[in-house]
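See structure below.
The values are calculated or read from the model by the stated rules, or taken from the named source; none is laboratory data. Predicted model, so just to flag it, every value in this text is computed and none were measured. Cβ placement follows ideal geometry from the backbone for every residue including glycine, while neighbour counts extend to all protein chains displayed.
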């Protein structure tokens, strides 16, 4: 069966629109919210309160121990049984944010622990409280360490947003599915969608490398 190049070119526009208007905003918003949650969870895990630390540890265990697709379905299809109904878009953002929070929390926790304890002591020496030392000394150093794994988390999230098509969120893969259903050219559309995802990830990987090089200038060797 010959490859349908006319369909490829005619469908490229809708796929790019789905990426720009759906996939990328969904990934960005989920990642930002997930990072905020991850920082909170990481600090909870590092705290001395056993109950608070235990709650954070349980959350991370649940998120990392269950499939993202199941988490997405629980929020979109499961919550209505409890009287909580959410539209597809907020359901996807909540599910992806919770997932990012669970994985990124361990990255941030490890990054904070990698900062030498002497840095805490230095902050206390110049009169900083523990909170001030955390914000002004520890977190900036931990941020440089966590950039590579967090960047990989974001790249993975961009690809994972394709799962949102299963709850009818209009994004790149959802548009590909609709065009494929109409044209019956499933292989062509799915390969094209894969190519667009790949190109987006190449751009993000390039940006990640540039950011790492810039941050590396401020690290003593």
Unique residue being closer than 19 Å to residue 168 by Cβ, exposed (fewer than 14 other Cβ atoms within 10 Å of the Cβ) and touching a residue at least 12 places away in the same chain (Cβ under 8 Å) when the list is 69, 26: 69
Note: among 77, 59, 103, just one is out of contact with any strand residue (DSSP E or B) (no Cβ under 9 Å at 6 or more places or on another chain), more than 30 Å from residue 190 (Cβ to Cβ) and assigned to a helix (DSSP H, G or I), namely 59
Going through segment 106-119 in order, the residues found to be without any contact (Cβ under 8 Å) to a residue 40 or more places away in the chain and assigned to a helix (DSSP H, G or I) are 110, 111, 114, 117, 118, 119
For segment 120-221, which helices (runs of 4 or more DSSP H) that fit wholly inside it have 1 or more residues that are farther than 30 Å from residue 12 by Cα, within 23 Å of the chain's Cα centre (by Cα) and touching a residue at least 40 places away in the same chain (Cβ under 8 Å)? 139-160, 186-216
From 189, 204, 211, which residue is at pLDDT 85 or above, closer than 30 Å to residue 138 by Cα and in contact with a helix residue (DSSP H, G or I) (Cβ under 9 Å, 6 or more places away or on another chain)? 204
